[in-house]
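The values are calculated or read from the model by the stated rules, or taken from the named source; none is laboratory data. Not measured: the values here are computed from a predicted model. Cβ: placed from backbone, ideal geometry, glycine included. Neighbour counts: every protein chain shown. When the accessible area is computed, the model is the full protein with side chains, heavy atoms only, and any ligands, DNA or RNA have been set aside. Shrake-Rupley method; radii C 1.70, N 1.55, O 1.52, S 1.80 Å.
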Amino acid sequence: MDRRQFIAATGAAGVLPFLKAMPAGAQGRDDTLVAVTGFGPNSMDIMRVGANRPAYQPAINLYDRLMRYGIRELPDGTLAYDKEVLEPELAESWTMADDGMSVDFFLRRDATFWDGTPVTAEDVKWSFDRAVLLGGFATVQMRAGGFTDADQWEVVDEHVFRVHFNAPSKLSMPNLAVPTAIVYNSALCKANATDADPWASDFTHVTPAGGGAFKLERWDSGQQSVYIRNDDWKSGPLPGVRRVIVREVPSAATRRALLERGDAQFSIDMPAKDAMELNENPRVKVEGHPIGCCQHHVGMNVAMAPFDNVLVRRAIAYALPYESIYNLAAFGRGEKLWGGEGFEPAEAVWPLPSPYYTDVEKAKALLAEAGMPDGFETTLSINLGLADWQEPAAVLIQEALAEIGVRVTIDRIPGANWRTAALIEKRLPFHLENFGGWLDYPDYYFFWVYQTGRLFNSVNYSDPMVDEVTDMVLPLETDHPDWAPNVKKLIAKVWEDVPLAPLYQPYLDMGMAPRVEGYAYHFHRLLDAKTLTMA
Amino acid sequence: MAASRLGIVARRVGGAIPSLVGVVVVTFVLTRSLPGDPAVYFAGLMADAESIAATRARLGLDRTWIEQFVSYVERLFAGDWGVSLQTGRPVLTELSQRLPASLELTLAGLLFAIGVAVPLGVLAATRPNSWVDHLCRVVVTAGVSLPTFFTGLFLVYLFYFLAGVAPSPLGRLDFIYFSPPHVTGFYTIDTALAGDWWTFRGALAQLVLPALTLGLFALAPIARMTRASMLAALSADFVRTATAMGLSRRKVLWTYAFGNAFLPVLTTLGMVFSFLLGANVLVERVFSWPGVGSFAIDALVASDYAAVQGFVLAMALLFVAVNLLIDVIYTLVDPRVGLEG
């Protein structure tokens with residue numbers, strides 16, 4: 001009997017009239033945090049095929065991983081995850097083998113799932129097997145860390161779990177601390193598996209089977225998810241908030257009103273415009289962090305005329321109205337990615353301001369050199385799903401390019417078709433696009449965006465040196481002597497060829513009541529409620 | 001008489017079957033002609049060619065249209081409307097929870113609109129070109145020309161944000177209430193049935209602003225139609241006769257004039273109901289109302305075939321039902337309609 005049936009049954013039996021409000025109401029909601037978000041999860045299981053981005057939220061709050069990322073304080077006093085620090089969660093400690101080809105995780109002996117079953121290495125093995133064999137998002141993400149095969153997971157004994165690497169890579173360990181590397185209650189899942197559904201996907205889709213810091217109290221698909229603290233949690237300090245209600249409010253204006261009125265204490269991923277305006281409001285605290293390994297850019301498809309000509313691409317990169325896009329599309333909620341010094345990068349960091357800036361004369365000269373002094377006509381495609389920044393940016397670009405004779409028609413493509421057109425078929429000559437990687441390394445970005453044929457290489461960019469050097473540096477530790485010089489070489493190359501003209505690095509903006517403390521920015525861009533407290 | 005009426009109903013239902021078959025076929029073909037590719041969409045953000053192919057196979061989209069159609073119809077007859085990829089739940093479950101939410105909102109909006117527009121229309125018709133008439137004109141023009149999402153946001157701003165008298169626009173119930181045991185799916189009715197008046201008030205309070213927003217939009221057609229048909233009825237011979245015969249003004253106005261003027265209004269109501277159900281989606285967004293409109297839009301954007309087909313089919317069934325209801329009311333109101341069907 002699930003909760004809803006229980007409520008229905010007890011309600012019918014006459015209990016309900018005496019228990020009209022949830023306990024939160026009776027206690028003045030003081031230990032309850034209400035968060036609002038535009039879109040909710042479509043599954044409680046991040047590994048389920050078709051699970052959407054908000055479905056990371058239950059994975060983060062309901063399940064434990066072997067390790068989690070540390071949290072550091074930034075110069076402005078806000079908190080963010082620390083990509084350099086992995087902390088124990090289900091694993092108390094771990095030791096790397098001397099040859100660097102495997103790692104042993106020693107599991108916490110007191111950890112249990114919600115139903116009281118102890119967490120063992122068998123559970124980790126089953127969960128990781130599931131991740132590499134189920135297909136879909138979890139499988140792809142595991143592969144990024146070099147995990148392709150269930151043979152790479154080994155149960156040494158009840159509390160020791162060994163991971164074998166096919167080849168040492170700096171991405172392997174961080175990739176075991178991401179939201180897809182979660183540990184399920186394997187006994188419970190197996191009991192609910194069927195022949196058609198051997199990994200109990202249909203079960204975990206609605207019934208989480210974990211042991212994390214929060215338990216799921218109820219999930220009304222399309223309306224709300226309610227998390228309640230698991231007081232038996234052993235893998236870290238108990239969360240400061242007892243109950244978290246994540247309510248889906250599609251209209252950004254309504255979310256803003258709720259936050260300003262104080263009926264909601266947290267707003268997940270606010271539009272840049274609201275963040276800018278509420279930043280001045282004493283009743284609301286806005287914390288924005290540049291999203292790591294992410295940039296908003298203009299893509300120029302090198303497989304299509306006239307963008308196959310590097311002079312044309314450079315001309316466009318010099319004609320883009322960077323400043324006004326930053327002010328009117330990003331509302332200043334981002335880091336500027338133009339006007340950098342010189343074509344040789346000073347640091348092996350990504351994203352980094354490109355050497356391009358707005359210079360109409362230079363753009364005209366380049367266009368003349370390319371044999372198109374009168375410009376050309378083209379179509380700028382934008383994703384309607386990201387219209388809040390792409391729409392104003394596109395209009396500004398249309399206006400600016402008219403000055404160098406490039407006549408732009410704006411083509412608005414609905415979100416669902418966008419992926420097919422831009423990423424699968426790669427048939428858009430001129431478009432706005434973004435990519436954000438979970439693992440914040442420049443070479444990881446190059447792996448997804450600049451290598452030949454990669455999914456997010458929407459511009460058909462292909463360069464033998466970039467392909468080769470990216471493969472070479474990807475596994476290297478960042479303190480390896482070959483890493484930084486080669487990453488700089490990659491950056492210099494894509495600045496020279498400029499298949500993508502970077503605009504800005506967007507912020508992830510979270511709005512909260514001033515009494516909410518402890519929010520930390522994470523690469524997954526969702527709310528990890530474990531660290532929150534309310535004064 | 002009762003038997004013949006039953007016959008009419010049976011004939012109407014029978015007449016709807018070809019349209020329903022058409023709806024099933026057309027939505028099937030249309031959803032598959034959408035430019036989006038659900039396999040790409042649902043394979044996830046980081047999907048590569050391999051996992052897209054796996055997703056396609058899992059969704060059964062690698063089969064021919066004919067095969068897909070046959071299995072779709074078979075499952076439809078078995079009462080299985082498929083699973084929405086977007087929400088991961090059976091379409092039928094999704095609709096059975098969301099349709100009542102939309103209907104409750106739409107009917108509340110319609111009730112409000114009727115309550116205001118019909119008296120306003122009658123008043124305007126009895127005093128043409130007086131200030132009442134002009135007021136009627138201004139109100140209904142304003143109502144129809146303000147976009148619903150604007151009206152919605154404006155009301156939220158006024159009554160929730162500034163005045164603080166309206167509850168937070170958080171859907172059908174604030175989170176301090178339990179949803180009532182499911183009987184009709186209409187929260188106001190279900191809470192009343194359960195005798196839970198505290199939650200009833202909560203549900204009603206949530207309903208006021210969205211229903212008002214929706215109702216304002218529907219004032220114009222109802223008021224205009226009432227005014228026009230009342231004017232026609234008032235200048236008709238039978239009204240002049242009735243007046244000449246010395247019947248009271250009330251009797252003339254309500255029994256003779258309004259009784260006859262009501263027929264075209266009834267037809268209009270059927271139409272207004274349909275377009276209100278369509279206009280729902282914007283109101284649903286503003287008030288976080290978990291209705292069927294936002295479900296359908298999301299499904300359409302994601303090329304969620306089963307959900308789109310289920311939605312269109314449910315709407316077709318609903319319209320057949322509404323039209324049938326209007327027809328039946330017609331036969332009750334108008335003695336001329338009925339026997340011929």
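Table for the structure above
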read-out	value
Size of charge dipole - chain A - debye, nearest 20, with Cβ of Lys, Arg +1 and Asp, Glu -1, no other charges	1740 debye
Listing of segment A:130-175 residues, each with accessible area lower by at least 10 Å² in the full protein assembly than in the chain alone (probe 1.4 Å)	A:L134, A:G136, A:F137, A:V140, A:Q141, A:R143
Per residue, in Å², the accessible surface of chain A once ligands and nucleic acids are set aside, probe 1.4 Å	37 Å²
Scattering curve values for the protein assembly as shown, log₁₀ I(q)/I(0), Debye with Cα scatterers, q = 0.06 Å⁻¹	-0.48
Gain on full stretching of the segment that runs from A:D479 to A:V85 - 0.36 nm per residue minus C-alpha separation	140.3 nm
Kirkwood-Stokes translational diffusion coefficient of segment A:294-506, alpha-carbon pairs, 10 °C, 1.306 mPa s, µm²/s	92 µm²/s
Full-stretch length increase - B:V29, B:L266 - with 0.36 nm per residue and alpha-carbon distance subtracted	81.9 nm
³J(HN,Hα), Karplus 6.51/-1.76/1.60, whole Hz, each residue of segment A:427-438, x for Gly, Pro	10, 8, x, 9, 7, 9, 7, 9, 9, x, x, 5
Principal-axis tilt of helix A:310-319 within chain A, Cα atoms, nearest 10 degrees	80 degrees
Per DSSP, loop trypsin sites (Lys or Arg not before Pro) in segment A:78-119 with at most 12 further Cβ within 10 Å	A:R109
Accessible surface of segment B:98-301, 1.4 Å probe, proportion on carbon and sulfur as whole %	72 percent
A:A402 versus B:L193: modelled label distance in nm, points set 7 Å from Cα along the beta carbon direction	6.0 nm
Difference of contour (0.36 nm per residue) and Cα-Cα distance, A:E517 to A:F343	58.4 nm
Share of carbon and sulfur in the accessible heavy-atom surface of segment A:294-506 [1.4 Å probe, %]	51 percent
Average other protein chain Cβ within 10 Å of Cβ, residues A:42-53	5
Span from the segment B:73-116 Cα centroid across to the segment A:292-335 one, whole angstrom	44 Å
At least 30 Å² accessible surface lost relative to isolated chain, residues of segment B:170-200 (1.4 Å probe)	B:L170, B:F175, B:I176, B:F178, B:S179, B:P181, B:D196, B:W198
Cα gyration tensor category, rounded, prolate or oblate, for segment B:15-164 with a/c compared to 1.5	prolate
Amide hydrogen neighbours beyond the local backbone of A:M173, cut-off 5 Å, H modeled	none
Nearest-ten-degree value, helix A:483-497 long axis tilted from longest Cα axis of chain A	50 degrees
For chain B, built as a Gaussian network whose Cα springs stay under 10 Å, the top-fluctuating residue of B:E74, B:E284, B:E94	B:E74
Loop-resident sites, segment B:131-230, for trypsin sites (Lys or Arg not before Pro), counting at most 11 other Cβ within 10 Å (DSSP)	none
Peptides A:125-138, A:500-513 ordered by average Cβ neighbours within 10 Å, highest first	A:500-513, A:125-138
For A:432-438, mean number of other protein chain Cβ atoms within 10 Å	1
Anchor A:K493: aspartates and glutamates whose Cα lies under 19 Å away (excluding residues fewer than 8 positions away in-chain)	A:D308, A:E341, A:E344, A:E347, A:D443, A:D463, A:D467, A:E468, A:D471, A:D482
Span from the segment A:29-70 Cα centroid across to the segment A:99-171 one, whole angstrom	21 Å
Listed residue (B:W65, B:W81, B:L209) projecting farthest to the positive dipole end of segment B:65-214, Cβ model	B:L209
Lysines with Cα under 20 Å of A:K83, excluding same-chain neighbours fewer than 8 positions away	A:K170, A:K530
Spacing of the two label points (7 Å from each Cα toward its C-beta) at A:V360 and B:D80, in nm	6.4 nm
Rounded to whole Hz, the Karplus (6.51, -1.76, 1.60) HN-Hα couplings of segment A:126-136, x for glycine and proline	4, 5, 6, 4, 4, 4, 7, 9, 5, x, x
Förster radius 22 Å - calculated FRET efficiency between B:F275 and B:L146, Cβ distance, rounded to 0.05	0.90
Calculated FRET efficiency for the pair B:S235/A:A387, C-beta based, R₀ 56 Å, to 0.05	0.60
Ranked packing of A:51-60, A:92-101, A:283-292, most packed first, by mean Cβ within 10 Å	A:51-60, A:283-292, A:92-101
Helix axis angle, A:464-473 relative to chain A longest principal axis, alpha carbon, degrees	30 degrees
Cα coordinate range in segment B:98-301, projected on the principal axes (Å, largest first)	62, 37, 35
Chain pair A, B: total accessible area buried, heavy atoms, 1.4 Å probe, Å²	4600 Å²
Cβ-derived FRET efficiency at R0 41 Å, A:M96 paired with A:E496, nearest 0.05	0.60
Segment B:98-301 - accessible surface per residue (Å², probe 1.4 Å)	42 Å²
Note, ³J(HN,Hα) from phi for segment A:223-232, Karplus 6.51, -1.76, 1.60, rounded to Hz, x at Gly and Pro	10, 7, 10, 10, 10, 10, 4, 8, 6, 8
Of the DSSP H helices in chain B, those whose Cα atoms cover at least 30 Å axially and whose Kyte score averages 0.5 or more	B:2-33, B:91-126, B:197-234, B:259-286, B:305-333
Projected-area average for segment A:159-250 over all orientations - Cα convex hull basis, square nanometres	9.3 nm²
Segment B:30-71 - percent of accessible surface contributed by carbon and sulfur, probe 1.4 Å	64 percent
List of segment B:267-312 residues, accessible area with partners at least 30 Å² below that of the chain alone (1.4 Å probe)	B:R285, B:S288, B:P290, B:V301
Amide H partners (placed H, <5 Å) of B:A166, local residues excluded	B:Y160
